[in-house]
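Working notes, beginning with the structure itself.
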């Protein structure tokens, strides 16, 4: 007797077509090792969906109408030979479809993993980045696991698990918001969002010269001061430039003086020495800089290292400086950016880290009378806005208007805030001293129209 699980499952499809909807949820057509059986299976599914009879005659006719399917058999008579093989499976009990499905799925998973692992090994031998190749392999295997697993669970099971989690949290006693969020460094923004949630991706967008890096440095140094291990990935500037900006931020010494060096006075040296002494422990244990990452794969590798080092807060400055050379030729840069941001979001979720990615807004904002950024200015077909937990924008009126009445100010637009409120917080800004600080007021209602 033929004990091939593929012919046995096809026998059930032919003899008990009403089971096809259940079988379809368990077995994807590509999981059949024998391409001939795969075509018969796919034809069975199509016929059932159309409400047609599912038997040897209708399946044969369905295959003959499809030139690509017919090529798999080579000649029409070969189709009948396959049906003969299916018949040799003998009498197969209807209730056995789950067992046969499991065998087919597990064999496919094994063969897929072996094949993809060999491909990955070849890519690494050819000089491809090891981390990127391994990361891609992991995602492919996970995708196969998802495609062959039930995508939902009983709510009661979920409810019981959640009740157990609540019980464990209750046993621990009161917890602070610091265990859920990287606290917001500025009180005026904290009115809208508590901070950057662990397990999420947030975006900070602006046009050039609005102060993205200065703002991000303020967030990074504040987090380190609070004891939160923080990684600043700088794609745009080298570590010397970032350090100069941080020195300016914490000492109040003008950036130009730090850059020049020769104009340093005694008080400047004293301020710098005090800062190095004051922040030595925080910076040693909690603040790290990566200025070597250039590609999307580099950044993911750096994040992986950070996770292994128990770093919980990562700032990327910025996405639009990254090289997307690894993207496939048929995928546009817009699609690649959307896919990559989703990948970053998934990494944050899986590892319970807070990710803040800086990004450049498109030029459409320059064409409007009002230059205050909108979510649509993110571009990337709206995917960035959908994926992000929070979306913040920076706007400085003086960049566009020399006669502005708001010189020395930056508007922080909270355009999306899950679990918070949207609005605009107006803050003091001094780019020369890399300073951002709270003002005593904020604009309460942000309308994105």
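Each reported figure results from applying straightforward, stated rules to the coordinates on display, with no laboratory input. Given the structure is predicted, the values throughout are model-derived calculations rather than measurements. Positions of Cβ are backbone-derived with ideal geometry, glycine not excepted, and every protein chain shown enters the neighbour counts.
Summary table
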item	result
Sequence of 324, 429 once ranked by neighbouring C-beta atoms within 10 Å, starting from the fewest	324, 429
222 nm mean residue ellipticity, helices alone, for the chain (DSSP H n ≥ 4; -39,500 (n - 2.57); rounded to 500)	-15500 deg cm²/dmol
Which of 399, 27 has the fewest Cβ neighbours within 10 Å, and the rest in rising order	399, 27
Extension gain from residue 121 to residue 165, taking 0.36 nm per residue of separation minus the Cα-Cα distance	11.8 nm
Region 29-97, relative contact order [Cα under 8 Å, separation at least 6], %	26
Relative contact order of the chain, defined on C-alpha pairs under 8 angstrom at six or more residues apart (%)	16
Modelled FRET efficiency - R0 51 Å, residue 81 with residue 134, Cβ distances, 0.05 increments	0.75
Bridge type composition, the chain - antiparallel percent by DSSP, nearest 5	45
Within region 177-438, percent of DSSP bridges classed antiparallel, to nearest 5	45
Pairwise label distance in nanometres, residue 241 with residue 154, each label 7 Å out on the Cα-Cβ vector	5.8
Using a Förster distance of 35 Å, the FRET efficiency for residue 272-residue 294 (Cβ separation, nearest 0.05)	0.70
221, 422 arranged by Cβ crowding within 10 Å, fewest neighbours leading	422, 221
Degrees separating the helix 77-87 axis from the principal Cα axis of the chain, which is the longest one	90
Length-normalised contact order of region 5-147 in % [C-alpha pairs under 8 Å, at least 6 apart]	31
